[in-house]
1. Of the residues that sit in segment 29-79 and are part of a helix (DSSP H, G or I), out of contact with any strand residue (DSSP E or B) (no Cβ under 8 Å at 6 or more places or on another chain) and surrounded by fewer than 18 Cβ atoms within 10 Å (Cβ to Cβ), which one is modelled with the lowest pLDDT?
2. Checking the condition at pLDDT 95 or above and buried (at least 21 other Cβ atoms within 10 Å of the Cβ), which residue from 101, 120, 185, 136 passes?
3. If I ask for residues that are farther than 30 Å from residue 92 by Cα and in contact with a strand residue (DSSP E or B) (Cβ under 6 Å, 6 or more places away or on another chain), which ones from segment 146-177 would you list?
4. Got at least one residue in segment 9-28 being under 25 Å from residue 137 (Cα atoms), modelled with pLDDT of 80 or more and in contact with a strand residue (DSSP E or B) (Cβ under 8 Å, 6 or more places away or on another chain)?
């Protein structure tokens, strides 16, 4: 009995260790394969006995379609908690998502595509990225600085805004919904094409850099 217990504990410990070592490499490989963007993070961890994802001090690059040499975003932290039963049943319900971004560069290329939307589409697909298949019941988004580079017109433009976005308690449908408070501000200022927002009452203070 003691031997069986020891083997069970050893197996669980080995599984947890393998998960901790393999997960960052597997995530980096899949992320770069699906999106064409570089990825790096000081810490990436996921609870193997449930679903809680933690990312700290991450840098997400841009694909070659959007200039490549400028990072898309610098993420201070990301915390995601999911309903594990929903994942097993084929649905995708996240209980909570907390995202803090120190700097993000929104790039509209010559064809009018937005880099953030393309990244989410490539990573999650149309249904999970923009539709109702993925639901986040409680979201928090904090953003310090937003750069907006528009190459779709005859004269390229570059704007940098220091935003005071700290929006909490909203729900999101699709992965793009987590960024909606920030995108809504950019559209209201006519830096991005207008699109109907799911969120109302966002409070923000902005100053141009």
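1. Of all residues in segment 29-79, those part of a helix (DSSP H, G or I) come to 29-35, 64-66.
This time we only want the ones that are out of contact with any strand residue (DSSP E or B) (no Cβ under 8 Å at 6 or more places or on another chain), so: 29-30, 33-35, 64-65.
Those still in the list that are surrounded by fewer than 18 Cβ atoms within 10 Å (Cβ to Cβ) too: 29-30, 33-34, 64-65.
Details: 29: 71, 30: 80, 33: 85, 34: 86, 64: 87, 65: 87.
Here the answer is 29.
2. On the way: 120 fails: at pLDDT 95 or above; 185 fails: at pLDDT 95 or above; 136 fails: at pLDDT 95 or above.
Unique residue meeting the criteria: 101.
3. 147, 148, 149, 150, 152, 157, 158, 159, 160, 161, 162, 163
4. Going through segment 9-28, the residues under 25 Å from residue 137 (Cα atoms) turn out to be 27.
Narrowing further to those that are modelled with pLDDT of 80 or more: none.
Within segment 9-28, none of the residues are under 25 Å from residue 137 (Cα atoms), modelled with pLDDT of 80 or more and in contact with a strand residue (DSSP E or B) (Cβ under 8 Å, 6 or more places away or on another chain).
Table: residues versus (1) within 15 Å of residue 100 (Cβ to Cβ); (2) touching a residue at least 60 places away in the same chain (Cβ under 8 Å); (3) in contact with a helix residue (DSSP H, G or I) (Cβ under 6 Å, 6 or more places away or on another chain); (4) not in a strand (DSSP E or B).
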{"residue": "116", "(1), (2), (3), (4)": "no, yes, no, yes"}
{"residue": "125", "(1), (2), (3), (4)": "no, no, no, yes"}
{"residue": "132", "(1), (2), (3), (4)": "no, no, no, yes"}
{"residue": "139", "(1), (2), (3), (4)": "yes, no, yes, no"}
{"residue": "143", "(1), (2), (3), (4)": "yes, no, yes, no"}
{"residue": "155", "(1), (2), (3), (4)": "no, no, no, yes"}
{"residue": "160", "(1), (2), (3), (4)": "no, no, no, no"}
{"residue": "172", "(1), (2), (3), (4)": "no, yes, yes, no"}
{"residue": "177", "(1), (2), (3), (4)": "no, no, no, yes"}
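The values are calculated or read from the model by the stated rules, or taken from the named source; none is laboratory data. The structure displayed is predicted, hence computed values, not measured ones. Methodologically, a virtual Cβ is constructed for each residue, glycine included, from the backbone with ideal geometry; neighbour enumeration extends over all protein chains shown.
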